[in-house]
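Note sheet for the following structure.
The values are calculated or read from the model by the stated rules, or taken from the named source; none is laboratory data. On a predicted model such as this, the values are computed, not experimentally measured, just so you know. Virtual Cβ from ideal backbone geometry, glycine too; neighbours counted across all protein chains shown. For accessibility, only protein heavy atoms count, side chains too; no ligands or nucleic acids. Shrake-Rupley method; radii C 1.70, N 1.55, O 1.52, S 1.80 Å.
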Amino acid sequence: QVQLVESGGGLVQAGGSLRLSCAASGSIFGNNVMGWYRQAPGWQRELVALIADDGSTNYVDSVKGRFTISRDNAKNTMYLQMNSLKPEDTAVYYCNKQFRPRWDWGQGTQVTVSV
């Protein structure tokens, strides 16, 4: 069972940037497509970015052109660079596999974007 620890969140003004990290206790790549998810209060958790083992990426329309997902295989770590942040990006951000069975969810990292 891989353990996931998200970090890097915080409070930022609209238009600002943050870089999130997802540190894993074991290899998170290989055949796994990894993703960043977010959950805002009162909303379901949504998938916002994906990265496959071959490095290919995919994004939900609302973050395209603003967010960049990347990974460091040697460090078993995944990143989410978030630029031009908007108040609607406010949420708790999590990382996990795209497909089930997923690993246990980490505690997430809170991102709050003020107007």
Of the conditions (1) touching a residue at least 60 places away in the same chain (Cβ under 8 Å); (2) over 10 Å from the mean Cα position of the chain (by Cα), Thr109 fails just one. Which one is it? (2)
Any chance you could count how many residues in the range 1-47 are open to solvent by less than 50 Å² (accessible area, probe 1.4 Å) and part of a strand (DSSP E or B)? 15
Cβ pairs under 6 Å, 6+ apart or interchain, first in the range 55-68 and within 13 Å of Tyr37 (Cβ to Cβ), second among the small types (Gly, Ala, Ser), ordered by first then second residue, are Tyr59/Ala49; Phe67/Ala49
Selection status of Thr90, hydroxyl-bearing (Ser, Thr, Tyr) and free of Cβ contacts under 8 Å to residues at least 60 places away in the same chain: yes
Do we find that Ala52 is surrounded by 10 or more Cβ atoms within 10 Å (Cβ to Cβ), farther than 18 Å from Val5 by Cα and free of Cβ contacts under 8 Å to residues at least 40 places away in the same chain in this structure? yes
State yes or no: is Ser114 over 10 Å from the mean Cα position of the chain (by Cα), open to solvent by less than 50 Å² (accessible area, probe 1.4 Å), within 14 Å of Leu18 (Cβ to Cβ) and of a type in the set (S, T, N, Q)? yes
The lone exception for Trp103 - which of (1) more than 16 Å from Gly26 (Cα to Cα); (2) outside any strand (DSSP E or B); (3) open to solvent by less than 40 Å² (accessible area, probe 1.4 Å) it fails: (1)
Kindly provide the set of residues from the range 56-100 that are assigned to a loop (DSSP other than H, G, I, E, B) and open to solvent by 30 Å² or more (accessible area, probe 1.4 Å), ordered by number. Ser56, Val60, Lys64, Gly65, Asn76, Asn83, Ser84, Lys86, Thr90, Gln98, Phe99, Arg100
